[in-house]
Ligand SMILES: Cc1cc2nc3c(=O)[nH]c(=O)nc-3n(C[C@H](O)[C@H](O)[C@H](O)COP(=O)(O)O)c2cc1C
């Protein structure tokens, strides 16, 4: 059974699976691997560093790819978006801020716009400002996000923006999650954490191993790691990572962190550069329990699709299956 949806039809895909454009983690090789396996690979242009974006677009070679950006950062400097548009990507994905002007730049270039939202209200804004696909991101997600949970948010967004195809994001890392998303009316999924632990991801090998060993019981949304990375994220967004001693200490004492911020930033940077993830951040979500290996990304796409097809043919929760 092929999983044919409005999303696979729009982009000519074999599987309704998109790679989340994880800043500095989803490079060109990872995006290419996902696209080559029949999904849609999105390069994590993140904070809009033109040099990084240019290099990773080149690394995608002749494979299909899209590029994702953090919208409020593009408001400060639009150069990386212009560069990506000039490379004629399969799609541009925008997340984290409602900016009709930036959305129009993408639509005017004739590039399909994928727009990630965290609420029904934001989804309506995206619908009214040119989104070709809307990603409904629940709080379970790794990385930045907001408050609403994936399970009720996805069908609410599907209802609000029909007939625009919706992708479910947040907490999906295997075929059961993909099958469930399709049951909610989504036209596919966008997965980040699952691909963070893949061979082609630019995440540190020690961070991949931490995620493989971790449980979703031990992740936390907080602003601590943004403060330690000197990134001034606007409200209401915070970042979900694996919990570790640094996060536990300062999340409980944000004012205390203010008093020692310079020393803590220095310690954080040393830990990150030396691969010490008891102190640096592993950016991943509640799907951690379902992530138990770090194979090539193409294998993950094939595995998720096959598991979803099997689950939809014989729902594992129904007696008699
Ligand atoms: C390491 C990491 C970095 C991320 N960076 C970005 C980003 O730069 N831009 C973005 O739109 N979303 C980013 N996200 C969020 C993803 O787009 C997506 O919503 C999320 O990964 C879905 O939840 P999951 O991690 O449970 O699959 C990131 C997620 C992770 C795990």
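The values are calculated or read from the model by the stated rules, or taken from the named source; none is laboratory data. It should be emphasised that the depicted structure is a prediction, and the values quoted were computed from it without experimental measurement. Reconstructed Cβ throughout: ideal geometry from the backbone, glycine too, with neighbour counts over all protein chains shown.
Structure summary
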| quantity | calculated |
| --- | --- |
| Members of the range 136-168 found to be in contact (Cβ under 8 Å) with a residue 60 or more places away in the chain, under 15 Å from the mean Cα position of the chain (by Cα) and farther than 25 Å from residue 281 by Cα, listed by number | 167 |
| Test: residue in the range 53-63 that is within 15 Å of the ligand (Cβ to nearest atom), outside any loop (DSSP other than H, G, I, E, B) and either out of contact with any strand residue (DSSP E or B) (no Cβ under 8 Å at 6 or more places or on another chain) or at pLDDT 95 or above (or both) | yes |
| Residue within the range 2-15 that is at pLDDT below 95 and outside any helix (DSSP H, G or I) present | yes |
| Matching residues, the range 279-298, being part of a helix (DSSP H, G or I) and either closer than 16 Å to residue 172 by Cα or within 13 Å of the ligand (Cβ to nearest atom) (or both) | 286, 287, 288, 289, 290, 297 |
| Subset of the range 224-245 [more than 16 Å from residue 118 (Cβ to Cβ), within 19 Å of the chain's Cα centre (by Cα) and buried (at least 18 other Cβ atoms within 10 Å of the Cβ)] | 225, 241, 242 |
| Only one of 12, 28, 66 that is surrounded by fewer than 17 Cβ atoms within 10 Å (Cβ to Cβ) and farther than 21 Å from residue 171 by Cα | 12 |
| Test: residue in the range 130-152 that is more than 23 Å from residue 236 (Cα to Cα) and either surrounded by fewer than 18 Cβ atoms within 10 Å (Cβ to Cβ) or within 11 Å of the ligand (Cβ to nearest atom) (or both) | yes |
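Yes/no matrix, rows are residues, columns are (1) in a loop (DSSP other than H, G, I, E, B); (2) touching a strand residue (DSSP E or B) at 6+ places or on another chain (Cβ under 7 Å):
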site: 168; (1), (2): no, yes
site: 173; (1), (2): yes, yes
site: 176; (1), (2): no, no
site: 190; (1), (2): no, yes
site: 194; (1), (2): no, no
site: 200; (1), (2): yes, no
site: 209; (1), (2): no, no
